[in-house]
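Student: Quick one: this structure, given as structure tokens, is what I'll be asking you about.
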Amino acid sequence: MNDFLHWATVAAYLAGTALYLAFVAAQRDGLRRVGGAVLWLGLGLHTAGLATAWWELGVVPALNLGQSLALLSWALMAATLVANLRLEIMVMGALSGPICTMLLLAGNWLPAPVGQPGPVFKSVWLGVHVFGLLGGYGLLLLACLAGLLYMRQERALRSKRLGPLFQRLPSLSRLDQFGHWTMVSGFTLMTVGLVGGAIFAHGVMGSFLRGTPKEVCALVTWLAYAAVIHTRLVQGWRGRRGAWLMVAAFGLVLFTFVGAGLLFNDYHSFESIIKFTGAVS
């Protein structure tokens, strides 16, 4: 990302987060509105920065872990703001803002990829794969946060130690609804991303799947979320059990996204994504 746009985005995310935290503390609607506007501004700056990087590279800027973290930060903020338009769980801005900022800073700190990517990376299906998966991961992270908030609120109710924060957080039913909507939406996008990746792999290497560790992890993660959604819709596992499953399932996302890419040396790994395909010009 362009340095100016990077730091302007960081500043906007930090300012928006501070305003949302002030809203949670003071419950003044003006703080929420201004905080939301500042976060939308930050998302616009972030989008401009990613578009600039895309233009300079000629391909989706997701060639290494640093670029992928910057894209994930963008996806999480976009998911937060869009979900707030639909379900109005305003406290999510105070939670996702710091995460987006840390992801963006970490992405900028990591080294840039070496070499110029070749034409194979200009495939539309690679874009579908990247944006589908990262958009899905952003929504699934929101579902995880909703699950954590649900368990916090439910524990406060059971212990009858409500405290001042209890009244400032959403009700259990709204958190459950928010978690369900973001999880189903994230699962849908993740499915689109996996299909796009399979089509891209077939065009480049002649097979939809190669059985690499990261592919296996991604399929296990997909099956886990399919099972969680099934238990909610068919067996009625909502409430505390549903919240716990949303949190646990996101652990698989973390391992698939970061752990598998760093631990296993295949064409999905962050170190060899360009070298493995021989697609550097």
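Student: So if we plug the beta-carbon distance of M102 and R241 into 1/(1 + (r/R0)^6) with R0 = 41 Å, what FRET efficiency do we get, rounded to 0.05?
Tutor: The computed FRET efficiency comes out at 0.85.
Student: So, one more: Can you give me the angle between helix 65-87 and the longest principal axis of the chain, using Cα atoms only, in degrees from 0 to 90, rounded to the nearest 10?
Tutor: The two axes meet at around 40 degrees.
Student: While we're on this one: What list of ³J(HN,Hα) values in whole Hz, one per residue of the stretch 104-110 in order, does the Karplus curve 6.51 cos²θ - 1.76 cosθ + 1.60 (θ = phi - 60°) give from phi, with Gly and Pro shown as x?
Tutor: 5, 5, 5, x, 6, 6, 6
Student: F4 versus L157, label points 7 Å from Cα toward the beta carbon: distance in nm?
Tutor: Roughly 5.1 nm, to one decimal.
Student: Now a separate question. Can you give the angle from 0 to 90° between the axis of helix 172-205 and the longest principal axis of the chain, with both taken from C-alpha atoms, to the nearest 10?
Tutor: Roughly 0 degrees between the two axes.
Student: Apply 1/(1 + (r/R0)^6) to the Cβ-Cβ distance of Q177 and A11, taking R0 = 35 Å, and write down the FRET efficiency to the nearest 0.05.
Tutor: The calculated FRET efficiency here is 0.60.
Student: Hey, of (i) 33, 24, 13; (ii) 48, 25, 17; (iii) 32, 23, 19, which did the structure itself give for semi-axes √(5λ) of the Cα gyration tensor in Å when calculated?
Tutor: Label of the calculated value: (i).
Student: Treat the stretch 1-115 as a sphere of radius equal to its Kirkwood radius over Cα pairs and apply Stokes-Einstein at 4 °C in a medium of 1.567 mPa s; give the translational diffusion coefficient in µm²/s, rounded to a whole number.
Tutor: Estimated via Stokes-Einstein, D reaches 91 µm²/s.
Student: If you don't mind, another one. Test of understanding: extend the Cα→C-beta vector of L233 to 7 Å, then name every residue of the stretch 177-216 with backbone N under 14 Å from that spot.
Tutor: Those under the cut-off are 180-189, 191.
Student: What percent do you get for the relative contact order of the stretch 62-212 when only Cα pairs under 8 Å and 6+ apart count?
Tutor: Value for the stretch 62-212: 30 percent.
None of the figures in this text is laboratory data; all of them are computed from the coordinates on show. All of these numbers come straight from a predicted model, not from anything done at the bench. With ideal geometry, Cβ positions are generated from the backbone for all residues, glycine too; neighbour counts draw on all protein chains shown.
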